[in-house]
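Following: one structure in structure tokens, then a few remarks.
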Amino acid sequence: MEHTQNKSSAFSQGVVIFVYLAVLTALEFAIAVAFDAVPLLVVVAIAKAALVAYYYMHIYKLNQEDADLDHHSYSYKTNTNRFGLWLFLLSDTFVFAGLMVMRLNLLGLSRPGQLNQYLGLGVTAVLLVSSFFMNRGEIAMSFGDTKKFMNNTLITFILGLGFLIGVVFVEWRLAAAEGLTAGFGSPATGPTGAVFYMMTGMHAFHVLTGLIFLGIVWNNARKGVYTAEKHWGVEASTVYWHFVDLVWIFFYPALYLIGTAVK
Amino acid sequence: MKNIKPFWRGILFLVVFGAVGYGLGLGLDFLMVKSLRFSGPVPSVFALLFAFTAFFLGVFGFRGITRGLVWQVLGTLVGGLLVAGIRAIMGLPAFGDFFFTEPSWVFGALTGAISFLFGVGVLDDWMKWTRGIDTPDEHEEHYHGWEKYFAVSLDHKVIGVQYTVTALLLISIGGLFALIFRSELAESQLQFLTTNLNLFSQNGPQLYNSLMSLHGMIMIVSILLGTAGFINYVVPLLLGAQDMAFPRLNAFSYWVSVPAAVLLLMSLFLGGFDTGWTGYPPLSARAPVGMQMFFLGVFVAGWSSILGSLNVLVTVVRMRAKGMTAWRLPILVWAAVATGLIALTATQLIGLSFQLVMFQRLFGMGFFDPAKGGNPVLFQHLFWFYSHPAVYVFVLPGLGVISELLPVFVRKPLFGYKWIAMSSLGIALVGFVVWAHHMFTSGMNEYLRIPFMYSTLLVAIPTGVKFFSWVATMWKGKISTPTPMLFVLGGIVVFLMGGLSGPPNAIVSTDLQLHDTYFIVGHFHDTIFGGFVFPFFAAIYYWFPKATGRRMNETLGKIHFWLMTPAFFVMTFGMMYVGLLGMRRRIVDYDPALHLDATHFVVTIAAFLIALSVLIFFFNFFNSIKNGEKAEGNVWNSRSPEWQVPSPMPVHNYEKPLEVVGEPYGYGSGDDGYIKFVEPAVNAHK
Ligand code: HEM
Ligand SMILES: [Cu+2]
């Protein structure tokens, strides 16, 4: 069996982790506003990422013994798929790491001062809450509760869409209005705009693919494709969604919190 | 028409439709610029796309690859027109010098590549999955005989051959480019690539730059495909697996490389580009549209590499036969793992660096533009973070082939098996921290030079381990030298030359003199021929009977080897020699007062001899498929599992599961061999 816990303890674990993450996010914000201590922020981000990777993305499942050694069994194939997915995420991490290197190289310890830190906190919170519901959805599915899975996924989807709109249609507009431009032939504002739009854009692209993924899985759940034993599609989209959140755990402080604001 | 052989029908179609495409392009271009530009980019690019597609139409009909290519052409046009329309609405010029404007070409190229994938049908199963429809695991083949190589197949052996043949095709194109610009260098002054020439909107020296740059990148892509070819074919067989872990992803990885190759070729016709394969800004930020096609082509090919290596890693971890523990893995598998780790991760960085330049050009984002506060050196860091490890992606599989074949032909165990296995991983890991040795003269922070110098010299240790092991393996062995073994031995010696010419580049004080000279060109041709080309040929000669049930002609094989090897030494030593005397790399001409003409002439002759030897190989390859001597047994008397069953390999590989019972390279030990086949248990699946 995939899960050793019973249903209610699984759900409550999700709540506890969510509370931890929320507290850390608030703490992070407070640190940034009050002290401007970059190492501390890095520590908090790593702690958040570890929580997400372990409890929401179940990275430990990579280490799981095969219940069935037949290479054609669903459980063996699921373990194989899981390994493949994580390798893909590892590869993708290098893109984001590259963007982070670019950001540190071009902007150093300054950040775009045109951004509204409260708006940043807002979209971050939306994404975090979406991860919480995603986790609930997956747990529901692992107990065979399709209906509950669909409801939670729908909430996740709406929140994810909210994040996307918040970044691309609200934040980008406000930032542009503040004079943060990407270039487009307009007079240069330094590399700040280019870095900001590139990082948020690449992340938004991943959010978009995650949303498509969720839509597909939701639709398949509607058709009754998944069961408590066989729901690799659900697990994959869940892990991917949390990964997108995990990237934001680093991008958010990198753009909104660390260093001094420069216009 | 019926009884014309498919190949000649393809050629006929190529000529006819090429002419049609040329005429169409000429007409469209005329509408734009109101003059007939016979050697202009637009007719050429249309001729290329039409001719290329029509060839496959003639050979194979409207299915498989042909459908993919037609869709790519249409997708490119639709995408380009869409952007043209949007631009028209926005009040921007809708069409440009190359028919489309740059944004149109970029978007069109992207939609074209995606359309290809839909057209060829490699996404069909996944599309079904998204609708909740399951597809069977046991794939049936729709095509038989040679036809299955022209359409999507999920069989790793078919995909391996597809990769290999595509790689050979690209090698010939890249080689042809090299012969053209090498001829120009045979003598100082400009002979035929003159400033009066005007082809594809480029004059002679510009064309030189484009050909030289494309030679580099096309060869790199062909290396990636070539290594993927033998890895795909052989690794699942060595593991005793039925297929790769993800057969559909495997097919996808192969098929994305086809539109990528088309994009790379398109770049030549769309104004070309003059940066060399490295694409450094600021030059790449202002080169013609061809630059963007190049970037996109590499980007798409990069996905082939990333997903292919993901598949290999998962396959090795999850699909091994019983008893195949880490220390009993064939050494080629270890090499594939080390390669896979690099390609999986680092490739993203070349993709990102190229993508950033693309965006800089399209949107004016000033990442690498000092005028906007950007940093061109940042590009070089991102680029080399991939492109140095990439050189190990090129050579590690080949070095794996050397270690794999050597014991077979000396009838002795591989010396220091564990050390060799670990040296591949060691090279891969150290390879991640040496990239800035390409940047000693770039103006990066000076204190970085020293650590990068030492880390680079560190690579020599695991590389040396391999040499010691090879020599010790051969020591007192019963050496026989059929063609594959010749190429193995040649590879070792050539790679040694490459390795020895490395440290002078790694030591800062000497590199300041050597950087950007022809010495570097000699260095990396030695490493890449020794680490890839020779082992690649060895692998083809060696596994050819496995794939076809026939062997390649030995005499022709030996002529190939004995022509190529001396010519190759002459070529690279000549390159290093002129480099030391002050010849710069990537330049169309040199000063007669340098007195380099004679050496350059010899280098050019040597290059043509290499090309001749490869032609002989091609003849041998295609001729032996039909007429080669039959070889259905264990031709090389190997212990490896794939040779314990008859050739050609059955569709689903091994009838019975296999189990590892001995050492992989226990030649001459008198044990019971490496593997044995087990009778399947009664209640096993199927
Ligand atoms: C594994 C086999 C090797 C391959 C495939 C290889 C390939 C290459 C290539 C392609 C370049 C030229 C890049 C460019 O376009 O600028 C290059 C340059 C260089 N190689 Fe290697 N190389 C190998 C081994 C080594 C070794 C063993 C060393 C040193 C110990 C080394 C040190 C260098 C250095 C320092 C440069 C930069 C030279 C310069 O541009 O000034 N290489 N190599
Ligand atoms: Cu290097």
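Side notes on the structure shown:
- Within the option set B:THR555, B:THR510, B:THR527, being within 21 Å of the chain's Cα centre (by Cα) and not acidic (Asp, Glu) holds for one residue only, B:THR527.
- None of B:LEU489, B:LEU496 is surrounded by fewer than 20 Cβ atoms within 10 Å (Cβ to Cβ) and either within 13 Å of ligand 2 (Cβ to nearest atom) or within 17 Å of B:LEU399 (Cβ to Cβ) (or both) except B:LEU496.
- All positions within the stretch A:65-85 that are of a type in the set (Phe, Trp, Tyr), in contact (Cβ under 8 Å) with a residue 24 or more places away in the chain and within 10 Å of another protein chain (Cβ to nearest Cβ): none
- Within the stretch B:512-553, being touching a strand residue (DSSP E or B) at 6+ places or on another chain (Cβ under 9 Å) and among the charged types (D, E, K, R) holds for B:ASP516, B:ARG550, B:ARG551.
- Residue in the stretch B:409-421 that is farther than 20 Å from B:LEU458 by Cα, within 10 Å of ligand 1 (Cβ to nearest atom) and not in a loop (DSSP other than H, G, I, E, B) present: no
- For the stretch A:85-100, the condition holds for no residue, the condition being that it is surrounded by 16 or more Cβ atoms within 10 Å (Cβ to Cβ), at pLDDT below 95, farther than 25 Å from A:ILE17 by Cβ and aliphatic (A, V, I, L, M).
- Restricting the stretch B:469-501 to residues that are in a loop (DSSP other than H, G, I, E, B) and of a type outside the set (S, T, N, Q), the residue that is farthest from ligand 1 (Cβ to nearest atom): B:LYS478
- Cβ-Cβ under 8 Å pairs, at least 6 apart or on other chains, the stretch B:34-56 side under 12 Å from B:GLY271 (Cα atoms) and touching a residue at least 60 places away in the same chain (Cβ under 8 Å), far side assigned to a helix (DSSP H, G or I) and among the charged types (D, E, K, R): B:GLY40/B:ASP29
- Count of residues meeting criterion [open to solvent by 60 Å² or more (accessible area, probe 1.4 Å) and β-branched (Val, Ile, Thr)] in the stretch B:622-660: 2
- Positions within the stretch B:429-442 being more than 14 Å from chain A (Cβ to nearest Cβ) and more than 11 Å from ligand 1 (Cβ to nearest atom), in sequence order: B:LEU429, B:VAL433
- From the list A:THR124, A:THR153, the lone residue that is under 15 Å from the mean Cα position of the chain (by Cα), over 20 Å from A:TYR252 (Cα atoms), buried (at least 17 other Cβ atoms within 10 Å of the Cβ) and at pLDDT 95 or above is A:THR153.
- Test for A:SER110: is it touching a strand residue (DSSP E or B) at 6+ places or on another chain (Cβ under 7 Å) and within 14 Å of chain B (Cβ to nearest Cβ): yes
- Qualifying residue in the stretch A:38-50 (condition: at pLDDT 95 or above and either outside any helix (DSSP H, G or I) or of a type in the set (Phe, Trp, Tyr) (or both)): no
- Search result, residues across the stretch B:351-367 that are open to solvent by less than 10 Å² (accessible area, probe 1.4 Å) and more than 9 Å from chain A (Cβ to nearest Cβ): B:PHE354, B:VAL357
- Checked against (1) of a type outside the set (Lys, Arg); (2) under 25 Å from B:VAL533 (Cβ atoms); (3) within 15 Å of ligand 2 (Cβ to nearest atom), B:ILE420 passes all but condition (3).
- Within the stretch B:378-416, the set of residues being open to solvent by 30 Å² or more (accessible area, probe 1.4 Å) and within 14 Å of chain A (Cβ to nearest Cβ) comprises B:HIS381, B:PHE385.
- The stretch B:505-561: number of residues that are away from ligand 1 (no atom under 16 Å from the Cβ), among the hydroxyl-bearing types (Ser, Thr, Tyr) and closer than 21 Å to B:VAL493 by Cβ: 2
- Long-range neighbours under 6 Å by Cβ, at least six apart or interchain, first residue in contact (Cβ under 8 Å) with a residue 12 or more places away in the chain and under 14 Å from B:PHE230 (Cα atoms) within the stretch B:523-539, second open to solvent by 10 Å² or more (accessible area, probe 1.4 Å) and away from ligand 1 (no atom under 13 Å from the Cβ): B:ALA539/B:PHE230
- Single unsatisfied condition, A:ASP36 versus (1) at the interface with chain B (Cβ under 9 Å from one of its Cβ atoms); (2) on the phi > 0 side of the Ramachandran plot: (1)
- Evaluation of B:HIS523 against the conditions (1) open to solvent by 20 Å² or more (accessible area, probe 1.4 Å); (2) in contact with an Asp or Glu (Cβ under 9 Å, 6 or more places away or on another chain) shows that the sole unmet condition is (2).
- The number of residues in the stretch B:429-468 being part of a helix (DSSP H, G or I), touching a residue at least 60 places away in the same chain (Cβ under 8 Å) and within 13 Å of ligand 2 (Cβ to nearest atom) comes to 3.
- Residue count for the stretch B:334-350 under the criterion of being touching a residue at least 40 places away in the same chain (Cβ under 8 Å), among the small types (Gly, Ala, Ser) and more than 8 Å from every other protein chain (Cβ to nearest Cβ): the result is 4.
- Any hit, the stretch B:305-325, residues being outside any helix (DSSP H, G or I) and basic (Lys, Arg): yes
The values are calculated or read from the model by the stated rules, or taken from the named source; none is laboratory data. If you're wondering where the values come from, they're calculated on a predicted model, not measured in any experiment. Virtual Cβ from ideal backbone geometry, glycine too; neighbours counted across all protein chains shown. Calculation scope for accessible area: heavy atoms of the full protein, side chains included, ligands and nucleic acids excluded. Shrake-Rupley method; radii C 1.70, N 1.55, O 1.52, S 1.80 Å.
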